[in-house]
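Notes follow the structure.
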Amino acid sequence: MPPPPPEGPFVAGVASGDPRPTGATIWTRAVPPTGTGPVRLSWEVAADEGFSDVAATGTVTATAEGDHTATVAVDGLDPDRHWYYRFSAGSQTSPTGRTRTAPAEGSSPERLRIAFVSCQMFS
């Protein structure tokens, strides 16, 4: 059974892309309770789903001018492995996303899969 749809400011969930050997780009849309005004977000990336081994953190502001979306180019991660990420606004936390960094430069992975996705079409 699929998880219930997210509630609160993170109804669009999270997404990631642009994998690099030492990072990736993470995204969310955070709608404020009033529908207007900026939303200050914290983000974190961890090596484990329980976030006990956090590798990167920061803050970003989602504004009305950007349709309350926030994009973060995370760097400083190890290559060719899965990473878990999430955003928070106050006491509310987004769904947890999972991304994977690209293989190290010059490496020859046995297998490499890349997907291209566009246009979330969320309404």
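What residues of region 80-110 lie in the reach of a label at M1, counting those whose backbone N is under 20 Å from a point 7 Å from the Cα along Cα→Cβ?
Within reach of a label on M1: 95-96.
Could you calculate the contour length gain from T34 to S118, that is, 0.36 nm times the residue separation minus the distance between their Cα atoms, to one decimal place in nm?
So the extension gain works out to 27.4 nm.
When you count, for each residue, the other Cβ atoms within 10 Å and take the mean per peptide, how do 64-75, 36-47 rank with the highest first?
For the peptides 64-75, 36-47, the packing ranking is 36-47, 64-75.
Quick check: residue separation of A15 and S107 times 0.36 nm, minus the Cα distance between them. What number comes out in nm?
This chain segment gains 30.5 nm when fully extended.
Rounded to whole Hz and in sequence order, give me ³J(HN,Hα) for region 56-73 from the Karplus expression 6.51 cos²θ - 1.76 cosθ + 1.60, θ = phi - 60°, writing x for Gly and Pro.
Per residue, the Karplus-derived 3J(HN,Hα) values read 7, 9, x, 10, 8, 10, 9, 10, 4, 4, x, 6, 6, 8, 9, 10, 10, 8 Hz.
For F51 and R100, calculate 0.36 nm times their separation in residues minus their Cα-Cα distance, and state this gained length in nm to one decimal.
Gain on extension, F51 to R100, equals 16.1 nm.
Once phi is turned into θ = phi - 60°, what whole-Hz ³J(HN,Hα) does the Karplus curve with 6.51, -1.76 and 1.60 give for every residue of region 98-105, x standing for Gly and Pro?
10, 10, 9, 6, 6, x, 4, 4
Only the coordinates and a few stated rules stand behind these numbers; no lab work does. None of these values were measured; they are calculated from a predicted model. Note that each Cβ is placed from the backbone with ideal geometry, even for glycine, and that neighbours are counted across all protein chains shown.
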